[in-house]
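Notes to accompany the following structure.
Every number here is computed from the coordinates shown, using simple stated rules; none is lab data. Values in this document were obtained by computation on a predicted structure and should not be read as measured data. Reconstructed Cβ throughout: ideal geometry from the backbone, glycine too, with neighbour counts over all protein chains shown.
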Amino acid sequence: MNEVKYLGKDMALVAEFNSLQDKSSSKWEDEKYSNVRKTIKDHYLKEQDYTCCFCKQRIVVKSNRAWDVEHIIPKSTHPAFMFEPKNLCASCPDCNNEKRYKGILDRENRVRFPVVSTAYKIVHPHFDKYEEHLTVLVEGKLYEWKTTKGKLTYRIYGLDRFMEDAGRDTSAESGSKVQRLMKSALVSSSNYESIEKELLEELIFKYSSIIGDGESINAIKKLRK
């Protein structure tokens, strides 16, 4: 993914911020940086084709207020990286709100911005290939993780939100397997992941017409390994 380039006044403002001794995350909301924020969001929305880096939902709207600028390393913990181009992307509000200030670095005390994939616990949109770590089965609903990075991205950005959807599913028959698994997940933290896999399998069956029969079978085979 191509990073945002700061030009003219934007470049001067970012350079001014980077020269400050006291770099506070609260400065992000300063009116003086409003055009810088717009430059960042406009760039990444176009670069990402209006697709969230984490849940891969494509949301094309005229107003970019439906999108958030995501500070991959949270600005609350590392304000010095606030305008670092490779620390920025566009994300949907659901993913941004789920992640918030969770730590995503191998070492949270880093003072220099890390430019290698291995420094990150999550799939980094600038340094990693998403499809090597996660498979999107149904956008916004079902995801399959393949690697440790994929699993942590899945957890940190709340891609297990299908659990909530299943819990709210009024179409599920009373006493169905989906309902029984949801009840088990609520009371059994020790077996949560195994229950989650079973529930995901059930939902893959449910959405097989969207996923495709072949892809559904392959996904279920992987889950059963």
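Assorted remarks:
- In plain terms, the bigger the Kirkwood radius, the slower the diffusion; for the range 15-77, with that radius from Cα pairs, at 10 °C and 1.306 mPa s, Stokes-Einstein puts D at 119 µm²/s.
- 10 Å beta-carbon shell around Asn87, net charge (K/R +1, D/E -1): -1
- The chymotrypsin sites (Phe, Trp or Tyr not before Pro) of the range 52-128 that DSSP puts in a loop, and whose beta carbon has at most 14 other beta carbons within 10 Å, are Tyr101.
- Along its three principal directions, the equivalent ellipsoid of the range 8-128 from the Cα gyration tensor extends over semi-axes of 21, 20, 12 Å, largest first.
- Taking Cα centre as origin and charging only the Cβ of basic (Lys, Arg, +1) and acidic (Asp, Glu, -1) residues, the dipole magnitude of the range 8-128 rounds to 80 debye.
- When the alpha carbon gyration tensor of the range 75-132 is reduced to an equivalent ellipsoid, its three semi-axes come out at 17, 15, 11 angstrom, largest first.
- Fully extending the segment from Glu131 to Glu193 would add 20.1 nm, taking 0.36 nm per residue of separation and subtracting the current Cα-Cα distance.
- Chain lengthening between Gln57 and Asn109 when straightened (0.36 nm per residue, less Cα-Cα): 15.5 nm
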